[in-house]
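The values are calculated or read from the model by the stated rules, or taken from the named source; none is laboratory data. Note that the structure is a prediction, hence the values are computed from the model and not measured. For neighbour counting, all protein chains shown are included, and Cβ atoms are generated from backbone atoms with ideal geometry for every residue, glycine included.
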Amino acid sequence: MPQPIAPPEAVERAEILRRRIEDANYRYHVLDEPDIADADYDRLMRELEALEAQYTDLASDDSPTRRVGARATGGFAEVVHAVPMLSLGNAFEQDGDTDREKYREVADFERRIEQTLDRKAPVFSVEPKLDGLAISLRYEDGVFVQGATRGDGAVGEDVTANLRTVKAIPLRLRGTGWPRVLEVRGEVIMPRAAFEVFNERARAAGEKPLANPRNGAAGSLRQLDPAVTAKRPLAFFAYAVGRVEGGELPDTHSATLAKLRDWGFPVSPEVDTATGFDGLIAYFRRIGEKRNSLPYDIDGVVYKLDDYAGQQEMGFVSRAPRWAIAHKYPAQEQTTKVEAIEIQIGRTGAATPVARLTPVQVGGVTVTNATLHNADQVARLDVRIGDSVIVRRAGDVIPEVARVVMERRPANTVPWKMPSTCPVCGSELLREEGAAAYRCSGGLICAAQRKEALIHFASRRAMDIDGLGDRFVDALVEFDMVHTPADLYALTVESFVRMKALADERDGSIPETVKQGRIATKWAENLVASIEASKRSTLPRFLFALGIMHIGESTAKTLATWLGSLEHVRHTPAPVLRVLPDIGDEVATSIAAFFEQEGNQAVVDKLLAAGVVFADEGAPSPKLRDRLGLDVLLDAAKVPKLGPKSTATLAKHYDSLDALVKAGEHQWIVAGVPQAAATNLATYLADAEHLAALRDADTAMRRLAAALPAKAASALPLEGMTYVITGTMETLKRDDATERLESLGAKVAGSVSKKTTGVFAGEAAGSKLDKAKELGVPVHTEADLVALLTQHGVAP
Ligand code: IVH
């Protein structure tokens with residue numbers, strides 16, 4: 001039962017939790033220095049939620065638990081902006097040879113300021129022009145009270161509930177000295193990576209992808225249900241202030257941005273100051289070079305006269321200030337013609353339609369191909385051979401066809417259809433139920449898949465076989481010298497020389513290897529040496545190299561750290577894999593399906609027999625202990641009506657699957673499982689296939705549990721110790737150090753107290769170090785930490 005009045009300890013604890021959670025948000029979104037693991041963050045959040053649920057008077061609108069609020073009914077209310085949200089004049093590139101000619105509009109802008117203010121080379125705040133949605137955030141007494149879109153500049157929409165879900169937006173201001181009323185303006189954006197992930201999922205689910213990250217940001221904020229917005233990974237950067245009451249801001253814009261950062265707002269790290277025309281253009285170029293590698297889209301840079309007095313004097317023309325201008329980069333979109341649509345077969349057999357285009361310059365690069373993603377996308381866009389299309393480049397992403405210019409469609413075009421067979425091997429192209437992609441059913445019979453699989457296997461972040469590039473792999477596959485990655489380890493200098501001779505013969509060229517009158521083999525020796533060197537690998541690299549569908553580097557790392565050894569990874573069924581962090585049903589199924597194929601297990605065996613070894617194998621993570629259990633298995637079975645409460649009850653009563661099965665439906669009900677759930681479970685277990693799968697999973701779990709490091713509490717050397725790690729470490733990541741210390745039984749805390757055993761302080765340690773000194777807690781160096789870990793056999 002919720003209680004109305006919280007005792008002082010609960011009030012205090014709630015406040016500590018809120019501060020810690022907000023601090024974690026600030027470190028993540030503003031400082032870009034996360035200091036807490038996701039799991040710990042979630043734990044704090046759950047504790048706070050529980051407290052607030054227990055004591056009704058603890059509820060508070062600015063609590064981090066309130067980021068997701070109630071659904072809006074019937075649209076958004078209007079908000080009249082106290083200070084209008086202005087637009088900016090644009091400067092585009094013109095024809096000319098010199099910078100002053102090409103950037104005439106910028107030169108005019110800068111000269112006008114020099115003349116009006118009678119000042120040489122004025123100072124500007126220079127910033128990226130973020131391509132998202134402009135919003136205004138109102139804080140009263142340091143608390144976020146209202147957020148609105150720009151709308152027409154005078155009146156916007158109240159999207160407060162949605163903005164609360166954006167973790168980069170502070171609900172309470174940090175520090176001190178903020179005005180009583182403060183309106184902060186900035187851009188909500190969808191980072192490119194998040195946009196890609198979103199579209200990838202949308203395409204796989206056969207839903208409409210977002211046209212671009214800006215639409216992603218705008219669409220997310222206009223959701224009526226904040227829970228939907230909360231799931232979209234949005235970011236925010238502040239770049240201006242609106243109404244200010246009851247307090248003062250600095251005299252310059254750059255100093256104001258610095259203050260905003262102190263108060264908890266993310267400000268783009270690209271923000272800088274520049275002097276005079278030359279300074280502006282140098283910034284334009286510097287950001288232009290970085291543009292494609294920034295994590296978010298920008299369409300230009302913004303120059304703002306830095307001092308507010310000067311801004312005041314310059315004033316406005318219509319709706320745009322005369323003290324600021326947006327300098328735009330050339331468009332990332334161009335129109336061109338589709339000459340053909342071909343199918344490309346990827347590593348996992350996915351058949352991707354690709355448009356061959358009349359070459360066109362897009363944002364400074366020549367584009368000749370653009371991806372059409374999948375058959376659904378071609379149908380949605382209705383791209384046909386002969387069409388004029390808009391192609392778009394964004395970041396390092398492969399160019400894509402954005403849309404067809406229908407007005408320019410020639411007569412007699414026909415809708416495009418996915419071919420029924422693979423253009424490389426002739427096997428059937430099949431579409432899994434519910435999936436967007438067609439796949440070549442040829443597997444490793446298909447030379448295209450074999451090539452891609454080998455190129456991936458040898459790539460730098462996988463097995464890192466130096467020098468084995470696409471060209472060699474192509475030839476090895478073409479001459480049937482390599483079928484699986486394991487075959488690479490059987491190649492000799494002679495094999496490569498023979499491969500080269502065959503390639504020369506095919507090309508009709510004089511064999512280069514014998515041209516100088518002797519056989520040159522140095523290159524082949526080097527290759528063989530690289531292949532040999534790649535045998536000493538690590539488990540995450542190896543798992544990544546296998547090219548299992550959905551297994552990127554981070555999943556490979558998760559598998560390796562949690563399961564410890566290849567033996568466990570290759571013999572763990574999907575329901576058990578599912579208990580690992582960040583491994584969902586789809587990924588777990590994909591891993592298990594890969595290892596269920598005897599052919600794949602044989603390749604793994606061959607690789608091991610060839611001498612591939614991992615330096616980093618060990619026992620499964622002790623953290624696994626809490627995740628293994630009968631309840632976890634039953635949860636994964638997803639028996640209708642059998643909820644977590646029932647599965648927990650069953651796990652408490654029966655210590656094995658056999659005991660559970662033997663007891664039977666009636667006993668389960670006696671144990672406290674509701675009738676309907678018990679009946680469903682009995683039906684489920686009556687199916688021999690289900691029972692067999694469950695037994696497999698149970699066996700795998702027991703095997704893992706048996707491999708866990710011995711629990712014997714007293715045996716852990718650092719039991720009872722609490723450490724704090726602060727500052728930047730040179731050789732160790734904080735998460736990594738934490739994990740190692742925890743494996744020795746120590747606790748790693750986020751803050752220093754009298755009870756802290758010791759603090760390990762790295763470079764630029766701040767308040768925690770001060771606190772330790774103040775409380776007389778021993779302070780150690782990174783070298784001490786490494787020595788401690790080494791002493792206990794868990795050296796980094
Ligand atoms: S300042 C008085 N700074 O550009 C100037 N705007 O055309 C008000 N924008 O609606 C805006 N990045 O959506 C400013 N660093 C930046 C910006 C920026 C993007 C957008 C914003 C605004 C539009 C103005």
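Quick notes on this one:
- Output for the stretch 738-759, where each listed residue is farther than 19 Å from LYS771 by Cβ, small (Gly, Ala, Ser) and touching a residue at least 40 places away in the same chain (Cβ under 8 Å): SER743
- Members of the stretch 584-613 found to be among the aliphatic types (A, V, I, L, M), farther than 30 Å from ARG201 by Cα and assigned to a helix (DSSP H, G or I), listed by number: ALA602, VAL603, VAL604, LEU607, LEU608, ALA609
- Residues being of a type in the set (A, V, I, L, M, F, W, C) and more than 11 Å from the ligand (Cβ to nearest atom) - total across the stretch 288-300: 1
- Only one of the listed residues (GLY153, GLY175) is surrounded by fewer than 18 Cβ atoms within 10 Å (Cβ to Cβ), out of contact with any Phe, Trp or Tyr (no Cβ under 7 Å at 6 or more places or on another chain) and in contact (Cβ under 8 Å) with a residue 40 or more places away in the chain. That residue is GLY153.
- Residue within the stretch 123-135 that is more than 13 Å from the ligand (Cβ to nearest atom) and at pLDDT below 95 present: no
- Any hit, the stretch 99-109, residues being surrounded by 18 or more Cβ atoms within 10 Å (Cβ to Cβ), more than 16 Å from the ligand (Cβ to nearest atom) and not hydrophobic (A, V, I, L, M, F, W, C): yes
- Tabulated pairs, the stretch 113-133, first closer than 18 Å to THR252 by Cβ and aliphatic (A, V, I, L, M), second away from the ligand (no atom under 16 Å from the Cβ) and assigned to a strand (DSSP E or B), C-beta under 7 angstrom, 6+ apart or interchain: ALA121/THR275; VAL123/THR275
- Tallying residues that are part of a strand (DSSP E or B), more than 16 Å from the ligand (Cβ to nearest atom) and of a type in the set (Ser, Thr, Tyr) within the stretch 301-351 yields 2.
- Here PHE195, PHE237 are screened, and the one residue that is within 15 Å of the ligand (Cβ to nearest atom), crowded, with 18+ Cβ neighbours inside 10 Å and among the hydrophobic types (A, V, I, L, M, F, W, C) is PHE237.
- Of all residues in the stretch 313-327, those that are over 42 Å from the mean Cα position of the chain (by Cα) and more than 15 Å from MET85 (Cα to Cα) total 2.
- Among (1) touching a helix residue (DSSP H, G or I) at 6+ places or on another chain (Cβ under 6 Å); (2) surrounded by fewer than 22 Cβ atoms within 10 Å (Cβ to Cβ); (3) not in a loop (DSSP other than H, G, I, E, B) - the single one LEU210 does not satisfy: (3)
- Only one of ALA202, ALA227, ALA217 that is within 16 Å of the ligand (Cβ to nearest atom) and among the hydrophobic types (A, V, I, L, M, F, W, C): ALA217
- Remark: pairs (first residue in the stretch 265-282, at positive phi; second residue assigned to a loop (DSSP other than H, G, I, E, B) and surrounded by fewer than 17 Cβ atoms within 10 Å (Cβ to Cβ); Cβ separation under 7 Å; 6+ apart in sequence or on different chains) = GLY276/ALA121.
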